[in-house]
Amino acid sequence: MTAQEIHDTIQGKFPDVIIEFNDSVLQPYIKCTPNQFNEVCQFLRDEEELNFDALMNCSGVDYGEELGVVYHLYSMTHRHKIVLKVNVTRENAEIPTVADIWRTADWHEREIFDLYGINFINHPDMRRILLPDDWEGYPLRKDYVQPQFYNGIEIAHPDMKGNSDEEK
Amino acid sequence: MEPLVQFFYILLPFLRDWPEWLALTVIGIVAALLMFGFVAIFALFAIWLERKVSAHMQDRIGPMEVGGWHGWAQTIADTIKLLVKEDIVPENADRILFKLAPAIVFTAALAGFAVLPWTQDFIPADLNVGLLYILSVSSFAVIGILMGGWASNNKWSLYGAMRSASQMVSYEIPVALALLAVVMNAGTLSMRHLVMAQSGNILDWNVFNFFPLTAVAFIIYFVASLAEVNRTPFDLPEGESELVGGFHTEYSGMRFAFFFLGEYANMYVVSAIATTVFLGGWLPPFEFLSFIPGPIWFVGKAMTMVFIQMWLRWTLPRLRVDQLMYTCWKVLTPFSFAIILLIGLWKVI
Amino acid sequence: MKKSNFPESQFELQIPDPLRTDEMTLSMGPQHPSTHGVLQVILKTDGEIVNSARPQIGYLHRCFEKHAENITWHQVIPFTDRLDYIASMNNNLGYAIGVERMMNLEVNERAEYLRVIVAELNRIASHLIALGTYGLDIGAFTPFLYVFRDREKILDLFEEICGARLLYNYVWVGGVAYDAPEGWREKVLEFVDYFEPKIKEYNDILTYNKIFIERTANVGVIPADVGISYGVSGPSLRGSGVNFDLRKDDPYSVYDRFEFDVITGKGEMGTIGDTWDRYWVRVAEMYESAKIIRQAAEQLPEGDAKETIPRNIKVPAGEYYMRTETPRGELGYYIISDGGKMPNRVKVRSPAFCNLSVLPAIAPGVMIADLVAIIGSLDIVLGEVDR
């Protein structure tokens, strides 16, 4: 199935979900709204012609004004791919989880939560995964400032921007 | 009179002039020290041998530097290192049991040496129930291991200790039954008489007697004894890939060395039992070879068995706990019962 | 057919066993011989039986993705080396191809062939380590040294071609760092001739050992649907009988020119998808890799292999998700460029991360020794899990 057909199938089932569809880039993507996202994904996986049974990758992105999550889907049976994008505002970073649809999203979403601070609604176990539980801030956001201390241990490196001795 | 005492009286005639109690004490201490020295030297040698054997099985050459010739002094250097290392006792350990455990394990191994018949005349203690004695004292080791594992206050050690307890208690049964098959025939529990019952040539050894029944008993004994001394494929109590170090996870320095020493001493004890009971003890395989002294045969046979244990260790993976119990209760034990039954029938008919 | 949303529920433990004892919490790792690095698994055990296993990762987190946003496109490559430090060539390859596709760049034939040769050599080296350490996990020490003996020869080849033995920094955007030295091709062919018979040696000592089979067959079964749902990939997924190999299904470089088979688990010794199958897929894949290397080395064209582009490249704005088949599975780089000298975002979809995530699903009910066997059969590298 081509990206256009996939887009049309979703459009037919969920008319007001798709914000943008771009077929002219290297990997065509469909931009969705956060609401009903879980239902869309469930549909993508269970529909016979689509059958996207594998979530290849799920990554957070900081676009500057907005945060986004990008889902790369693949179908083991039909061997076709599609990219889904969901954007949220920085203030209200919440997206419905897909961890119940593709179990691999469980850890990927935890990682995005850990590094971008996007909260996944209904996620079974929303904790930090790579960083310590008491870490402050979300390091992969572009406006992240590295803290000087962690639990009283100095972690700033003199070479780091904004942390050099002259500025102290 | 005890053969050992006779042996010393012949060796050192002036002992006859001493009061008997003094002579016996001196003989006892000297014999014990001899055994201890043998165990220490044997362990040093066996550890070196194990490293060399494993190295050559694995396309390596093993230690080559210390001492010059093929690194013969490597284990001596290691022992000195272990001796001077800090003695660490975990803070929340049960200190008394923790310190006692290696001593018990080593004592149990050493006590087994008391009844080993090196030759017709040199048996530290020729008990008329020698085999029974050796089976009983070797069970002591499990207490030491259990103590060590429990007192360490470490969950991995506890796992090792529990595994060890269940394993050693279970495997004593096939060991005892396999030995019983031979004892039924020889009609004695004395180690010396067990060997003397096999005199003749190689075909009179118990392993070839009632062929193939005792040969199977020998294999059962050998497999079960591997489990008794925690050697691969039955090294579950240590099982370093599962339990870190098993019961000796928390031990370091000299205490660890004593566990190590105990393990190697045990290897020798079970091999010596196999030699005594199945392989004709100090007897040469053929009459014309009897110019070679008995102790050399005895040690040579036992060392061959030790070598086979090492060979297996560096070849086989480890069993799982349930498979270990399966092997014991559903394979080895029924087979040893069957062998006892068949030998009994054979003798009656 | 309606698919279940939680396929692993079939593994959940049944009604309490009458022989159940008190539950004990056991921390396996981060310092433990069999966690293949600094992985911590929190176990809830009932005697020897594991009731639940919860991996705690992050001990080796090195902020790769944050670093990648602050360095130039080429400077990312040495960082990719350090993800899966056992198969660095494969990591470089995925990133380089990803950037090349974004730039719509053609690479010299010779460079492509060299890339395939080093990637497959690295795959063999990595599978060898997987084999050896798996033997260690099961308690057999000797195979470990056998595989290191042969891995050494591969490392010597790498040393000759790029000067490094572990972190190669060899596959660059637009080509490779150095052309192969004189006589290297012959040495590769020589190695393949030497290596293929050696696999039988591993089979004799480990694969078909009765105890080894007893320990691994029917243990840690990952059914195909659970595996796909959890994003398991590579040999771990093929062990479950799924014919999925990116070298065939989503070809990159010049893999489509070579003949090789995709190995899948067949449940020879027990159930499809057990640890023995996963192990066996790795063994059999070494034959296939050797086949590819032989073909590539024989067809290796003359020409220039060095990269054809300047060091400081600018990648046109856009994004690309590039996935390659590393020894652990599907390694994906999601690269976003804003047209500048540095990447805007490099996300790594690490195969070991996804493979490890299946552990809590299949762990309930196995024994501690089996858990070690399962972790070993997933062949994780913590450098890649934590990034």
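Given +1 at the Cβ of Lys and Arg, -1 at the Cβ of Asp and Glu and no other charges, the dipole of the range B:89-348 around its Cα centre is 200 debye to the nearest 20.
For the Cα trace of the range B:210-340, dividing Rg by the Kirkwood Rh returns an Rg/Rh value of 1.03.
Once C-alpha pairs closer than 8 Å and six or more residues apart are averaged by separation and normalised to the residue number of chain C, the relative contact order reads 27 percent.
Distance between the pseudo-spin-label points of C:TYR59 and B:ALA103 (7 Å out from Cα toward the beta carbon): 3.6 nm.
Please compute, for peptide C:55-62, the average count of beta-carbon atoms on other protein chains lying within 10 Å of each residue's beta-carbon.
Per residue, the average neighbour count from other chains is 3.
Extension gain, A:ASP125 to A:PHE21: 0.36 nm times the residue separation minus the Cα-Cα distance gives 34.2 nm. The C-alpha radius of gyration of the protein assembly as shown, expressed as a fraction of 2.2 N^0.38 Å, stands at 1.12.
Within a straight-line Cα-Cα reach of under 17 Å, B:LYS155 can be paired with the following lysines, leaving aside sequence neighbours fewer than 8 residues apart in one chain: C:LYS44. May I ask for the net charge around C:ILE211, where only other residues with Cβ less than 11 Å from the Cβ of C:ILE211 are counted and Lys, Arg are +1 while Asp, Glu are -1? Here the count lands on +3. Pairwise inverse Cα distances across chain B, averaged and inverted, put the Kirkwood hydrodynamic radius at 21.3 Å. Compared with the dominant principal axis of the Cα atoms in chain A, helix A:105-116 is inclined by about 40°. If R₀ is 22 angstrom, what is the calculated FRET efficiency for the pair C:ASN203 and C:GLU268, using the beta carbon separation as r and rounding to 0.05? Rounded to the nearest 0.05, the efficiency is 0.95. Output the pairs from C:LYS187/C:LYS291; C:LYS66/C:LYS347; C:LYS153/C:LYS248 with a Cα-Cα distance over 18 Å in this structure; if there are none, say none. Cα-Cα > 18 Å for C:LYS153/C:LYS248; rest within. Under 19 Å from the 7 Å Cα→Cβ point of B:ILE173, by amide nitrogen: which residues of the range B:286-327? It comes to B:320-327, nothing else. Remark: relative contact order (chain B) = 21 percent; criterion is Cα-Cα distance under 8 angstrom and separation of 6 or more residues.
Shielding of peptide C:310-323 by partners, expressed as the average count of other chain Cβ atoms within 10 Å per residue Cβ, is 2.
Taking the Cα centre of the range C:33-386 as reference, the dipole from Cβ charges on Lys and Arg (+1) and Asp and Glu (-1) amounts to some 820 debye. Peptide A:120-132 is shielded by partner chain Cβ atoms: per residue, an average of 2 of them sit within 10 Å of its Cβ.
Dipole size of the protein assembly as shown about its Cα centre, with +1 on Lys/Arg Cβ and -1 on Asp/Glu Cβ: approximately 1940 debye, rounded to the nearest 20.
In terms of packing, defined here as the mean over residues of other Cβ atoms within 10 angstrom, the peptides B:175-182, C:243-250 line up highest first as B:175-182, C:243-250. Here's the picture: a label point sits 7 Å out from the Cα of B:VAL84 along the beta-carbon direction, and within the range B:245-266 the residues with their amide nitrogen under 16 Å of it are B:253-254. Converting phi to 3J(HN,Hα) with the Karplus coefficients 6.51, -1.76 and 1.60 and the offset θ = phi - 60°, the range C:338-352 yields 9, x, x, 7, 10, x, 7, 7, 10, 9, 9, 8, 8, x, 5 Hz in sequence order, with x at every glycine or proline.
Ranked by the mean number of other Cβ atoms within 10 Å per residue, highest first, peptides C:49-55, B:113-119 order as B:113-119, C:49-55. How tilted is helix C:184-202 with respect to the longest principal axis of chain C? Cα atoms for both, answer in degrees (0 to 90, nearest 10). That works out to roughly 10 degrees.
If you plug the beta carbon distance of A:THR89 and C:TYR85 into 1/(1 + (r/R0)^6) with R0 = 30 Å, you get a FRET efficiency near 0.15. For the range B:95-102, backbone phi angles converted through the Karplus equation (6.51, -1.76, 1.60; θ = phi - 60°) give residue-by-residue couplings of 4, 5, 5, 4, 7, 6, 4, x Hz, Gly and Pro being listed as x.
Rounded, prolate or oblate: which fits the range C:33-386 when a ≥ b ≥ c are the square roots of the eigenvalues of the alpha-carbon gyration tensor, with rounded for a/c under 1.5 and prolate only if a/b beats b/c? Note, shape of the range C:33-386 comes out oblate. Of the chymotrypsin sites (Phe, Trp or Tyr not before Pro) found in the range B:250-293, the ones in coil according to DSSP and having at most 14 other Cβ atoms within 10 Å of their Cβ are B:PHE286, B:PHE291. Estimated purely from DSSP H runs of n ≥ 4, each contributing -39500 (n - 2.57), the mean residue ellipticity at 222 nm for the protein assembly as shown is -15000 deg cm²/dmol once divided by its residues.
Surface composition of the protein assembly as shown: carbon and sulfur atoms hold 60% of the protein heavy-atom accessible area at a 1.4 Å probe.
Residue ranges C:228-238, A:35-45 sort as C:228-238, A:35-45 when ordered by packing (mean number of other C-beta atoms within 10 Å per residue, highest first). Solvent-accessible surface of the protein assembly as shown, averaged per residue with a 1.4 angstrom probe and all protein chains in place: 39 square angstrom.
Mind pulling the angle between the C-alpha long axis of helix C:275-299 and the longest principal axis of chain C? Nearest 10 degrees, somewhere in 0 to 90. Once rounded, the angle reads 10 degrees.
Solvent-accessible area of C:ASP193, all protein chains in place: 90 Å² (probe radius 1.4 Å, heavy atoms, ligands and nucleic acids excluded).
The values are calculated or read from the model by the stated rules, or taken from the named source; none is laboratory data. Quick caveat: nothing in here was measured; it's all calculated off a predicted structure. Methodologically, a virtual Cβ is constructed for each residue, glycine included, from the backbone with ideal geometry; neighbour enumeration extends over all protein chains shown. Surface accessibility is based on the protein's heavy atoms, side chains included, excluding ligands, DNA and RNA. Shrake-Rupley method; radii C 1.70, N 1.55, O 1.52, S 1.80 Å.
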